[in-house]
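Enquirer: Can you keep this structure in mind? I'll have questions shortly.
The values are calculated or read from the model by the stated rules, or taken from the named source; none is laboratory data. All values derive from a computational prediction rather than experimental measurement. Note that we place each Cβ from the backbone using ideal geometry, even for glycine, and neighbour counts take in every protein chain shown.
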Amino acid sequence: MAEALELKAWTRARTGKGGARASRREGRIPGILYGDKSTPEIIDVDYKAVTQQLHTGHFQSTIFMLDLDGRKTRVIPRQVQLDPIREFPIHVDFMRVGEHSLVTVEVPVRFLNEAASPGIKRGGILNIVRHEIPVRCPADAIPEHFDVDLTGLEIGDSVHISAIKLPEGVKPNITERDFPWRPSSVAPPRKPALALPLPWPPNLALKKLPPLPPKPLPKKEKGQKEKKKKGLASFLVLPPPPFFPSGIKN
């Protein structure tokens, strides 16, 4: 079950982008604290502590004890905004968790005993459709993970949510039917690609082929050349137009 880990936080005086950038320069992550019918607060949390918890893989399904300027409040992370390029946290939202509160979280799934699956032994591939299962449970009883036993799983078999033993008080979000999606299944092995034959023998491809002869230039027609010359010569020997002085009529 999830443990209440302590997380240091501070009240942020400035709002907007300017205040958020100032917090990041100080090594903190801006965030919002809301829920439990109380007024939302703008806060800052420690960058190193949040980054370490993100690497655990279950940050958003863990209950924390938020130490906000000496005032401790139970919270659960709801949304984490990451930098689109370097993927480090730049904003975190926390929700207050009261006594006997129910929360919706995504619990990771672990697959055990792959060696005991006959389908995988024959070359089958474990196709994991969902790595996490969304459930609704009490805030004090959030499971750390669900275990799926693959013993006896043949090729084509699948594991549904009904095959997973859920703790008391933990219910899947969809309760009216056995989930239409499958958390995992064993697919048949893939066939290797066929080797296509070469269009010529391999030894011929290694030989150096002789260079191709140069392509001859297109020949021009003789009649077209002479026609151009005659036209040019006739243009050069044309006589000038007749000149009549003024006053002389033809």
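Enquirer: Looking only at the stretch 100-113, filter to residues that are surrounded by 14 or more Cβ atoms within 10 Å (Cβ to Cβ) and more than 27 Å from the chain's Cα centre (by Cα); which one of those is farthest from R74 (Cα to Cα)?
Expert: N113
Enquirer: List every residue pair whose Cβ atoms lie under 9 Å apart, where the two residues are 6 or more positions apart in sequence or sit on different chains, the first residue falls within the stretch 115-140 and is closer than 30 Å to R78 by Cα and small (G, A, S), and the second residue, located anywhere, is loosely packed, with under 14 Cβ neighbours inside 10 Å and modelled with pLDDT of 85 or more.
Expert: Here the result reads A139/L102, each pair linking the stretch 115-140 to a residue that is loosely packed, with under 14 Cβ neighbours inside 10 Å and modelled with pLDDT of 85 or more.
Enquirer: Looking at the stretch 82-99, is at least one residue assigned to a strand (DSSP E or B), in the same structural domain as E168 (by TED's automatic domain parsing), touching a strand residue (DSSP E or B) at 6+ places or on another chain (Cβ under 8 Å) and loosely packed, with under 14 Cβ neighbours inside 10 Å?
Expert: no
Enquirer: Within the stretch 115-163, restricting attention to residues that are under 30 Å from E99 (Cα atoms) and buried (at least 18 other Cβ atoms within 10 Å of the Cβ), which residue is nearest to the chain's Cα centre (by Cα)?
Expert: Here the residue is I133.
Enquirer: Hand me the list of strands (runs of 3 or more DSSP E) wholly inside the stretch 100-172 holding 3 or more residues that are at pLDDT below 85 and within 23 Å of G57 (Cβ to Cβ).
Expert: Those strands (runs of 3 or more DSSP E) span 125-128.
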